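Working notes, structure below.
The values are calculated or read from the model by the stated rules, or taken from the named source; none is laboratory data. The shown structure was predicted, so the numbers you read here are calculated from the model rather than taken from an experiment. Here the Cβ positions follow ideal geometry from the backbone for every residue, glycine too, while neighbour counts run over all protein chains shown.
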Amino acid sequence: MIWDMAMCGTYMIKHNTNMKNKKWFIIWIIVMLSAGGIEAQVSKYSKTKGDFLKSRLIISENKRFLQYSDGTPFFYLGDTAWELFHRTNKEEADLYLEDRARKGFTVIQAVALAELDGISVPNAYGFLPFENNDPNKPLIKEGVDNDYWDYVDYVVKKANELNLYIGFLPTWGRYWHDGTPVFNKQNARSYGEFLGKRYKEAQIIWILGGDRNLENENQKEVIRAMAEGLAAGDGKNHLRTFHPTGGQGSAQFFHVEDWLDFNMRQNGHEVEYGNYSKTRDDYNRTPAKPVMDGEPLYEDHPVAFQAKRRGHSIASDIRRALYWDLFNGAFGHTYGHHSVWQMYDPDKSRPINNPLMSWRDAIHQPGSEQMRYGRLLIESRPFFTRIPATEKILVTDKIPTAMPGEGRYRFVATCDQDFSYAMIYAPVGRKFKVRMNVLKGDKIKAWWYNPRTGKATYVGVYSNRGEKTFISPDPGEMIDWILVLDDASKKYPVPGKR
């Protein structure tokens with residue numbers, strides 16, 4: 001237990017009849033409490049001050065990206081595991097987290113009070129989070145592996161050991177929004193402070209909300225109170241954001257509020273460009289705040305929740321969402337698989353909305369591997385100066401629905417603010433024109449980057465004049481490519497390499 005060591009010390013005195021010289025033990029307890037030594041001795045997340053500062057995340061100076069406090073860029077590549085704390089055991093959590101770490105993910109999004117009856121159905125070890133569903137009374141028992149929160153501790157610690165942050169949702173939205181809510185202002189703040197203290201030294205990002213929009217001022221006050229509690233508990237050591245429902249973003253509710261460090265969207269489970277263009281809308285808001293898509297279309301998910309009419313998504317649908325978001329200014333991206341978010345096991349759990357396979361099989365689906373190629377591409381060019389650039393780089397056709405296109409066939413572009421490089425995402429094999437002379441440098445080096453394999457193919461060097469037409473090397477429907485153009489004098493590495 002990491003929250004009340006004075007009580008723990010008293011317990012040892014009362015129950016250890018072999019202890020000699022109890023007076024000196026009591027003095028030791030007092031000294032350690034006054035020095036802050038108790039927490040340092042027992043915290044499951046303890047590290048030296050220098051290590052913690054390096055791992056702490058902050059907002060970049062230009063308010064567009066995340067970085068470590070030592071200035072190192074942080075690419076938020078999230079995976080969605082809403083039921084991770086609720087439906088897995090240690091062996092399963094280890095299997096899942098180790099797979100995601102190998103694939104280059106940096107954040108795992110999970111919910112303390114899970115959507116699927118997380119406060120009334122016990123976790124894999126038979127534990128519930130609260131006494132009588134009361135957020136003022138977390139169910140805490142002495143010892144290790146004795147309660148719900150001990151298992152949350154285990155998962156958070158395991159993730160951190162694998163250099164994964166937890167995108168930590170204190171609760172799913174149903175518990176502050178639906179029917180007769182469990183949360184009010186008072187217990188939301190109390191619960192937030194409990195979590196903040198417990199995970200003060202963990203590598204986490206707080207994500208409030210949980211797939212619900214705010215419909216009245218009372219609901220906003222509950223969210224604000226929980227955010228205040230988290231900050232009071234952890235000393236504002238962690239970033240905070242808000243996860244809304246489909247097609248919406250945190251900006252429409254909290255953009256100007258100081259507690260909201262960055263904006264999160266749920267662009268939702270559609271395959272067309274329309275929803276994803278809203279990332280650019282939030283990027284353009286003032287004051288500037290970083291923005292990302294915390295819930296795009298999941299892999300193998302019924303498109304628009306209509307399995308019979310529209311079928312299930314595939315990896316190419318997931319890649320389009322990734323690059324549409326990133327090239328519209330997002331600082332990172334979240335992937336999800338329809339079986340993994342619910343930790344679906346056909347032998348143990350009921351299926352939600354037609355999952356196609358178990359989560360153990362789903363972690364090997366191609367989309368999860370291909371997400372890292374987007375991260376590697378972005379990290380291979382200047383990080384903090386990247387901007388959206390579709391209008392600057394791409395030449396609009398006489399028929400704009402053809403180029404830059406719409407629906408599934410929307411082309412998008414990004415570059416850095418100094419125009420030393422540009423990237424154009426081509427979701428389909430179609431000729432397109434680029435304004436070469438927007439870029440700096442007398443010579444432009446061109447590459448094709450394959451988002452399915454992460455491999456780059458060198459095209460050649462061109463004089464930097466006027467407009468130039470390109471078509472992908474393997475044109476076809478649903479075969480996407482990325483054209484990378486560099487100022488040759490910069491001698492940037494092969495795309496996707498550092």
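Side notes on the structure shown:
- Residue in the range 197-204 that is of a type in the set (A, V, I, L, M), out of contact with any Gly (no Cβ under 6 Å at 6 or more places or on another chain), in a loop (DSSP other than H, G, I, E, B) and over 20 Å from ALA101 (Cα atoms) present: no
- All positions within the range 464-486 that are part of a strand (DSSP E or B), among the charged types (D, E, K, R) and either within 21 Å of ASP397 (Cα to Cα) or not assigned by TED's automatic domain parsing to the domain that holds THR453 (or both): GLU467, LYS468
- So GLY235, is it surrounded by 18 or more Cβ atoms within 10 Å (Cβ to Cβ) and not hydroxyl-bearing (Ser, Thr, Tyr): no
- Residue-level check: of (1) of a type in the set (A, V, I, L, M, F, W, C); (2) without any contact (Cβ under 8 Å) to a residue 40 or more places away in the chain; (3) in contact with a strand residue (DSSP E or B) (Cβ under 7 Å, 6 or more places away or on another chain), PHE183 misses just (2).
- Within the set LEU439, LEU394, the sole residue that is touching a Leu at 6+ places or on another chain (Cβ under 9 Å), among the aliphatic types (A, V, I, L, M), under 30 Å from LYS63 (Cβ atoms) and buried (at least 17 other Cβ atoms within 10 Å of the Cβ) turns out to be LEU439.
- Out of ARG375, ARG430, sole residue that is modelled with pLDDT of 95 or more and among the charged types (D, E, K, R): ARG375
- At least 1 residues being farther than 22 Å from ARG240 by Cα and at pLDDT 95 or above is the threshold, and among the helices (runs of 4 or more DSSP H) wholly inside the range 63-177 those reaching it are 84-87, 90-102, 148-161.
- Strands (runs of 3 or more DSSP E) contained entirely in the range 237-306, each with at least 1 residues that are among the basic types (Lys, Arg) and within 19 Å of the chain's Cα centre (by Cα): 240-243, 263-266
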